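Structure first, commentary second.
The values are calculated or read from the model by the stated rules, or taken from the named source; none is laboratory data. Since the structure is predicted, the reported quantities are computational estimates derived from the model, not experimental observations. Cβ placement follows ideal geometry from the backbone for every residue including glycine, while neighbour counts extend to all protein chains displayed. To get the accessible areas, we keep the full protein, side chains included, count just its heavy atoms, and leave off ligands, DNA and RNA. Shrake-Rupley method; radii C 1.70, N 1.55, O 1.52, S 1.80 Å.
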Amino acid sequence: MMTLDELKGYIRNIPDFPEKGIMFRDITTLLKDERALRESIVHLNRAVYGIPFDYVVGPESRGFIFGMPVAYEMDKGFIPVRKKGKLPAEVISKEYDLEYGTATIEMHKDALKPGDKVVVIDDLLATGGTAKAIKELVESAGATVAKFVFLIELEGLNGKEALGDTPYASVLKY
């Protein structure tokens with residue numbers, strides 16, 4: 001088993017991307033290493049083990065990468081949350097603020113039913129805007145987020161505040 005520091009070693013740090021002053025945490029170097037990828041999934045699975053839930057929800061696109069193997073390992077279905085206009089059937093939508101503008105995420109209207117419990121898996125918790133929008137989208141369907149799980153948390157951006165009282169876990173913290 002890799003230590004968390006060893007796992008961090010597979011994440012490439014790119015200064016001044018996408019703009020000056022930002023330290024970008026690039027996971028593509030982790031994804032290409034079979035051992036680091038497997039260890040990441042093991043840690044994500046541990047974070048949801050023992051929690052009663054019905055589905056894994058993952059946002060486009062890195063939430064797909066990490067959410068699908070968790071859903072598979074936990075014997076649960078996977079529900080994609082996509083950017084506006086990408087899903088073919090009737091959708092429910094949530095607009096949310098970005099640093100420079102707004103974005104809209106969507107989920108199929110029939111993906112969840114009242115009383116369903118989900119775990120949201122994503123690669124990164126930064127400001128929490130996407131996670132908060134997903135929570136509101138899930139709740140608008142009558143379902144509940146049982147827990148958020150992130151591979152990486154950028155603690156200085158205080159994204160956990162956007163999650164309210166919903167439990168969450170982060171594997172790696174910066």
### Message
I'd like the orientation of helix 34-48 relative to the chain: the angle between its Cα long axis and the longest Cα principal axis, in ° from 0 to 90, rounded to 10.
### Response
50
### Task
Considering the options 89, 28, 157, tell which one lies farthest towards the positive end of the dipole of the chain, charges being +1 on Lys and Arg and -1 on Asp and Glu at the Cβ, about the Cα centre.
89
## Note on the structure
Taking a probe of 1.4 Å and leaving out DNA, RNA and ligands, the chain shows per residue an accessible area in Å² of 54
### Query
Among 134, 41, 92, which one shows the biggest mean-square fluctuation in a GNM of the chain, springs joining Cα atoms closer than 10 Å?
92
### Query
Can you work out ³J(HN,Hα) from phi for every residue in region 119-129, in order, using Karplus 6.51 cos²θ - 1.76 cosθ + 1.60 and θ = phi - 60°, giving whole Hz and x for Gly and Pro?
10, 9, 10, 8, 7, 9, 10, 10, 7, x, x
### Task
Please figure out what share of the DSSP beta bridges in region 54-174 is antiparallel and state it in percent, rounded to the nearest 5.
30
### Summary
Expressed as a percent, the accessible surface of the chain that is carbon or sulfur, using a 1.4 Å probe and the full set of protein chains, is 51
### Query
Which of 66, 53, 148 moves the most in a Gaussian network model of the chain with Cα springs under 10 Å?
53
### Task
Rounded to the nearest 10 degrees, what's the angle between the helix 62-73 long axis and the longest principal axis of the chain, both from Cα atoms, 0 to 90?
80
### Query
Among residues other than residue 23 whose Cβ falls under 12 Å from its Cβ, what is the net charge (Lys/Arg +1, Asp/Glu -1)?
0
## Note on the structure
Which of 113, 84, 20 fluctuates most in a GNM of the chain (C-alpha springs under 10 Å)? That residue is 20
### Query
Counting Lys and Arg as +1 and Asp and Glu as -1, what is the net charge of the other residues whose Cβ lies under 15 Å from the Cβ of residue 68?
-1
